[in-house]
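Please read the structure below before turning to the comments.
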Amino acid sequence: MVDFISELISCRHEDTHLPFYPEHIQGYTEQELDQIAEIYNLEIHGQFREFLLQMGRCSGGLLWGSVSMFRYSWNKEAYTDYQKVLDDEDEINKPNGWISAVENKLFPLTNENEGNQFAYLATALKNDYVWLWDDGQPEFEFSRTGSTLLEYLKWLVEYETKQARFGEKSVNFEQGKQYITGRLLN
């Protein structure tokens with residue numbers, strides 16, 4: 001079993017200004033994972049399952065709004081048919097190498113680089129690899145990265161906390177919880 005909390009804590013940059021609230025880290029229950037799987041057409045297993053059980057409900061500040069499910073704009077109704085919407089897009093808008101979102105039960109993991117770069121988990125493939133495509137790069141293919149979910153999240157924590165060394169972000173938990181609270185069942 002992967003200890004996501006310890007692994008991600010070890011990646012936080014020591015001089016970061018991003019607040020961390022370890023006492024608020026909370027995962028979903030097994031019953032809630034069953035509900036999430038049904039609502040979003042997902043197969044929850046491996047690292048994804050462990051991640052959701054350990055810190056899916058609240059990251060405590062280890063992960064912020066760049067992870068889709070912690071973004072304040074996540075809306076259960078909008079994401080319920082998200083896979084179908086992706087598959088129904090015009091062929092011209094799909095990147096090379098696109099795989100069926102419904103068949104592969106894609107879960108939107110992150111949206112970075114001003115909304116141009118998207119990372120997904122293909123949950124039906126029953127592996128832990130992250131898939132990536134860059135909407136701002138027409139020649140970029142939708143492809144499996146060499147990174148597992150844990151490796152990708154470790155990189156994300158390291159990157160975000162390193163970037164946050166320069167700006168003051170004095171946020172208390174009540175102000176910041178909209179960016180670190182999982183919204184999969186809200």
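Take the residues in the range 57-78 that are under 19 Å from TYR129 (Cβ atoms) and out of contact with any helix residue (DSSP H, G or I) (no Cβ under 7 Å at 6 or more places or on another chain), then tell me which one is surrounded by the most Cβ atoms within 10 Å (Cβ to Cβ).
The selected residue is VAL67.
For the range 82-109, name all the residues that are within 30 Å of HIS24 (Cα to Cα) and open to solvent by 30 Å² or more (accessible area, probe 1.4 Å).
The answer is TYR82, LYS105.
Return the residues of the range 116-145 that are in a loop (DSSP other than H, G, I, E, B), over 13 Å from the mean Cα position of the chain (by Cα) and either modelled with pLDDT of 85 or more or of a type in the set (A, V, I, L, M, F, W, C) (or both); say none if nothing qualifies.
Answer for the range 116-145, where residues must be in a loop (DSSP other than H, G, I, E, B), over 13 Å from the mean Cα position of the chain (by Cα) and either modelled with pLDDT of 85 or more or of a type in the set (A, V, I, L, M, F, W, C) (or both): LYS126, ASN127, PHE140, PHE142.
Cβ contacts < 9 Å: first residue among the polar types (S, T, N, Q), restricted to the range 7-30; second residue surrounded by fewer than 18 Cβ atoms within 10 Å (Cβ to Cβ), any location; separation 6+ or different chain. Result?
Sorted first by the residue in the range 7-30, then by its partner, the pairs are SER10/LYS154; THR16/LYS162; THR16/GLN163; THR16/ARG165; THR16/LYS169.
Considering the range 10-19 alone, what residues qualify as being closer than 14 Å to GLU158 by Cβ and either buried (at least 16 other Cβ atoms within 10 Å of the Cβ) or touching a Ser or Thr at 6+ places or on another chain (Cβ under 8 Å) (or both)?
The answer is CYS11, ARG12, HIS13, THR16, LEU18.
The values are calculated or read from the model by the stated rules, or taken from the named source; none is laboratory data. Please read all numbers here as calculations on a predicted model, not as lab measurements. Because the Cβ atoms are built from the backbone with ideal geometry, glycine has one as well, and the counts that use them run over all protein chains shown. These area figures cover heavy atoms from the full protein model, side chains too; ligands, DNA and RNA do not enter into them. Shrake-Rupley method; radii C 1.70, N 1.55, O 1.52, S 1.80 Å.
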